[in-house]
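This report concerns only the one structure given below.
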Amino acid sequence: MMNAKFPEKGTEKDQVLSIIDKIRRMNLEYSYGRVFGSMCTKPHDIALRVHGMFLEANLGNPGLCRGVLELQNEIHGAIGELINAPGDYEVLTTGGGTEGNILALWQARKESGRKTVLLPTSAHFSFLKACDLLDMKPVYIPMNEDYLPDLDALEGMIDDNTAAVVGVAGTTELGLVEPIREMADICGDIHLHVDAAFGGLVIPFLRELGRDIPDFDFVIEGVDSVTIDPHKMGFSTIPLGLYYSRRRFPVSVESPYLSGDRQRTLRGTRTSASIPAYWTTIKLLGKEGYRALVARCMENTEYLVESMVSLGMEPIVEPVMNIASFHHTEAQRIVREMEAKGWNISRTVNPPGLRFVIMPHVDRANIDHMREELAKVI
Ligand SMILES: Cc1ncc(COP(=O)(O)O)c(C=O)c1O
């Protein structure tokens with residue numbers, strides 16, 4: 001409310017809490033089974049409890065939460081192992097994919113002194129924020145008929161102004177894994193950043209489940225940095241993202257009045273409760289638990305595809321991960337009408353269509369219910 005005023009006097013506790021209760025009931029919570037358009041999910045119950053125990057934790061002032069710092073190191077090592085991070089890699093904890101992608105372009109710009117960023121058409125809009133912030137110029141690589149970057153076009157686009165090339169492992173709209181190895185070969189010494197914000201915690205488990213998915217991480221020598229988000233398919237509480245780099249991040253400032261000597265992240269004071277919460281989740285589930293989670297999401301994705309095909313919809317691509325999108329020219333209207341009925345689905349732009357992210361909070365009964373409602377508006 002723009003006309004709200006700072007209250008002169010305090011209000012009675014029960015009255016305040018009753019307003020908060022009403023406000024909370026306006027949320028569309030994951031557990032209602034109606035959210036098909038988010039890449040986040042309801043974390044493990046125990047992780048939620050642990051998160052609540054660390055609300056004061058602030059790694060901007062790490063001397064006050066040394067235990068959290070230790071758990072952060074363990075997380076950095078565990079995820080580093082999953083994505084084949086080299087021995088002396090750098091890793092910074094972020095608030096999510098947007099911040100990770102900003103750090104990547106910041107590093108590329110600082111190291112190269114150049115300003116052009118070659119982005120796949122699939123790139124998440126966070127790169128546009130990063131470019132604006134860093135005064136860099138985004139240039140899009142055209143898509144081929146498989147909705148992947150056209151490699152011949154990329155080859156012709158690299159020039160003396162190119163600071164970085166971006167590849168995506170788990171595209172936001174279609175869940176595709178771009179040809180990172182081939183892109184690395186074309187890039188040579190140019191910074192190749194892989195945005196694996198979503199796919200980074202799906203692909204390793206899909207591969208363990210026997211699916212044939214190309215390399216996307218530091219196993220490829222030409223990959224310079226990777227964004228990967230535990231708060232998406234890592235089943236972590238929000239906010240938690242990670243930025244890995246082959247080289248030391250080139251910006252670090254003295255933080256004399258805090259307990260650490262220097263700060264090397266974009267944020268200063270930062271909520272850090274998601275670190276013990278995520279550590280707890282990793283401990284509780286292990287690789288085995290994550291494999292099971294990913295397997296279930298994929299089964300449900302396949303079930304959703306069958307269900308949508310039976311409504312006459314055509315998948316844009318065969319899903320590689322738990323994102324399924326379907327050609328539709330009136331997606332915007334449908335998303336709005338479903339929202340009015342209390343459902344969250346989303347849409348794609350390249351090409352236009354309806355998009356569903358089948359996160360761990362979605363089950364078959366939710367899919368059946370959603371299909372019933374969707375059938376009335378398509
Ligand atoms: C591939 C990709 N990168 C980056 C982001 C941005 O992540 P966040 O919203 O956590 O900043 C998203 C979000 O959907 C994404 O799909």
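The values are calculated or read from the model by the stated rules, or taken from the named source; none is laboratory data. The shown structure was predicted, so the numbers you read here are calculated from the model rather than taken from an experiment. FYI the Cβ positions are ideal-geometry reconstructions off the backbone, even for glycines, and counts take in every protein chain you see.
Points to keep in mind about this one:
- Of all residues in the range 11-63, those satisfying the criterion of being farther than 28 Å from Trp343 by Cα and in a helix (DSSP H, G or I) are Lys13, Asp14, Gln15, Val16, Val50, Gly52, Met53, Pro62, Gly63.
- Check on Leu242, within 16 Å of the ligand (Cβ to nearest atom), surrounded by 19 or more Cβ atoms within 10 Å (Cβ to Cβ) and more than 26 Å from Tyr278 (Cα to Cα): no
- Failed item in (1) exposed (fewer than 10 other Cβ atoms within 10 Å of the Cβ); (2) aromatic (Phe, Trp, Tyr); (3) closer than 27 Å to Glu337 by Cα, with Phe6 passing the rest: (3)
- Of all the listed residues (Arg49, Arg34), the sole one being under 29 Å from the mean Cα position of the chain (by Cα), surrounded by 11 or more Cβ atoms within 10 Å (Cβ to Cβ) and free of Cβ contacts under 8 Å to residues at least 40 places away in the same chain is Arg49.
- Of everything listed in (1) surrounded by fewer than 20 Cβ atoms within 10 Å (Cβ to Cβ); (2) modelled with pLDDT of 95 or more, the single unmet condition for Gly260 is (2).
- Residue selected from the range 181-205 under the condition in contact with a helix residue (DSSP H, G or I) (Cβ under 6 Å, 6 or more places away or on another chain) and farther than 20 Å from His124 by Cα, by the criterion surrounded by the fewest Cβ atoms within 10 Å (Cβ to Cβ): Glu182
- Hey, Thr281 away from the ligand (no atom under 14 Å from the Cβ) and either modelled with pLDDT of 95 or more or within 17 Å of the chain's Cα centre (by Cα) (or both) or not: yes
- Within the range 180-205, tally of residues that are farther than 21 Å from Lys232 by Cβ, more than 16 Å from the ligand (Cβ to nearest atom) and not acidic (Asp, Glu): 7
- Annotation: of all residues in the range 206-232 being of a type outside the set (A, V, I, L, M) and within 16 Å of the ligand (Cβ to nearest atom), the one that is surrounded by the fewest Cβ atoms within 10 Å (Cβ to Cβ) is Asp217.
- Tabulated pairs, the range 284-300, first β-branched (Val, Ile, Thr), second at pLDDT 95 or above, C-beta under 7 angstrom, 6+ apart or interchain: Val294/Val202; Val294/Phe205; Val294/Leu206; Val294/Leu209
- Test: residue in the range 1-14 that is farther than 17 Å from Leu240 by Cβ, at pLDDT below 95 and in contact with a Phe, Trp or Tyr (Cβ under 8 Å, 6 or more places away or on another chain): no
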